[in-house]
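Here's the structure, in structure tokens; my notes come after.
The values are calculated or read from the model by the stated rules, or taken from the named source; none is laboratory data. Computed from a predicted structure; not experimentally measured. Please note: Cβ atoms are built from the backbone with ideal geometry, for glycine as well, and neighbour counts cover all protein chains shown. Keep in mind that these areas ignore ligands, DNA and RNA; they rest on the heavy atoms of the full protein, side chains included. Shrake-Rupley method; radii C 1.70, N 1.55, O 1.52, S 1.80 Å.
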Amino acid sequence: MNAMTARARRRHFLFLWAWPIVLGVLTATGLVAALFSEDGWGDVLAGICLAIPTATGLWFGALRRPAPPRD
């Protein structure tokens, strides 16, 4: 296996999984912040970290228009 093939595989992996990993880390951070915070910045952090994956899911799941049919 040559170096270019390994580099292409790594780039493909990052292209495919970068955003799901980021959204998962944001969700975990938001849930932990909500669990351990009493008031103040922890609640703000939890709200922001949980709002981003929710908004992303709504955008790509419900609000985005379907692509026009290709000819």
> So which residue, out of A33, A51, A18, gets the largest mean-square fluctuation from a GNM of the chain using Cα contacts under 10 Å as springs?
Replying inline: A18
>> Just to confirm the number: angle between the C-alpha axis of helix 3-36 and the first principal axis of the chain, 0 to 90 degrees, nearest 10?
In response: 10
> How many nm is it between the label spots at A34 and L58, if each spot is 7 Å from the Cα in line with the beta carbon?
Replying inline: 1.4
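Would you please give the FRET efficiency between V44 and A8, computed as 1/(1 + (r/R0)^6) with r the Cβ-Cβ distance and R0 = 30 Å, to the nearest 0.05? Kindly include the intermediate steps, with their values, before the conclusion.
Values: r = 41 Å, r/R0 = 1.37.
With R0 = 30 Å, the Cβ-Cβ based efficiency is 0.15.
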>> How are the alpha carbon pair distances in the chain distributed across 5 Å bins from zero to the largest one, expressed in percent?
In response: 3, 15, 14, 14, 13, 13, 11, 9, 6, 3, 1, 0
> Counting only protein heavy atoms, what percent of the accessible surface of region 4-56 is carbon or sulfur at a 1.4 Å probe?
Replying inline: 75
> How far is it, in nm, from the label point at W19 to the one at D71 when both lie 7 Å from their Cα along the line to the Cβ?
Replying inline: 2.9
